[in-house]
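Let me give you the structure first, and then I'll get to my questions.
The values are calculated or read from the model by the stated rules, or taken from the named source; none is laboratory data. What you see is a predicted model; the values in this text were computed from it and never measured. Methodologically, a virtual Cβ is constructed for each residue, glycine included, from the backbone with ideal geometry; neighbour enumeration extends over all protein chains shown.
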Amino acid sequence: MSFEPNRFEDGKELLLAGMQEHYTPDTMSRIPEQWEKFRPYMGAVPGQVDSKTYGVCHNVSGGEFDYLTGVEVSDASRPEDLVHCRSRRSDTPFLCTTITSRQLRIRLKQ
């Protein structure tokens, strides 16, 4: 199976709406399940900007982190079971990769 190459993009501020979970090294193999839970929201979140989806690791500490599966939105309205995450604009390019949940499962197993 081939994967799209990673790329660097200039950071811009994003308002994301999605599902967030906390992971440890022992539980991070469940990230594909989070994507499966989020799938019904793809394309259906109020104010969704486009069809791009984002996986965001934040609050990283000691190998643990919060992970948000989400989409960019234009405003703060959202279903009650979703959370917001605002990325800060960065002058440093960030690594961006496009990956399906099936590909993520394969990568996590490797």
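Restricting attention to the stretch 64-85, and to residues there that are under 13 Å from Met19 (Cα atoms) and among the β-branched types (Val, Ile, Thr), which single residue is modelled with the lowest pLDDT?
Checked the stretch 64-85; the qualifying residue modelled with the lowest pLDDT is Val83.
Looking at Arg88 and the list (1) farther than 21 Å from Lys12 by Cα; (2) charged (D, E, K, R); (3) modelled with pLDDT under 75, which single condition is not satisfied?
It fails just one condition, (1).
Name every residue in the stretch 13-45 that is surrounded by 12 or more Cβ atoms within 10 Å (Cβ to Cβ), touching a residue at least 60 places away in the same chain (Cβ under 8 Å) and more than 13 Å from the chain's Cα centre (by Cα), in order of residue number.
Answer for the stretch 13-45, where residues must be surrounded by 12 or more Cβ atoms within 10 Å (Cβ to Cβ), touching a residue at least 60 places away in the same chain (Cβ under 8 Å) and more than 13 Å from the chain's Cα centre (by Cα): Met28, Ser29.
Can you work out which of the residues in the stretch 24-63 that are in a helix (DSSP H, G or I) and among the polar types (S, T, N, Q) is modelled with the lowest pLDDT?
So the residue we want is Ser29.
Quick check, is Tyr67 among the aromatic types (Phe, Trp, Tyr) and out of contact with any Phe, Trp or Tyr (no Cβ under 8 Å at 6 or more places or on another chain)?
In short, no.
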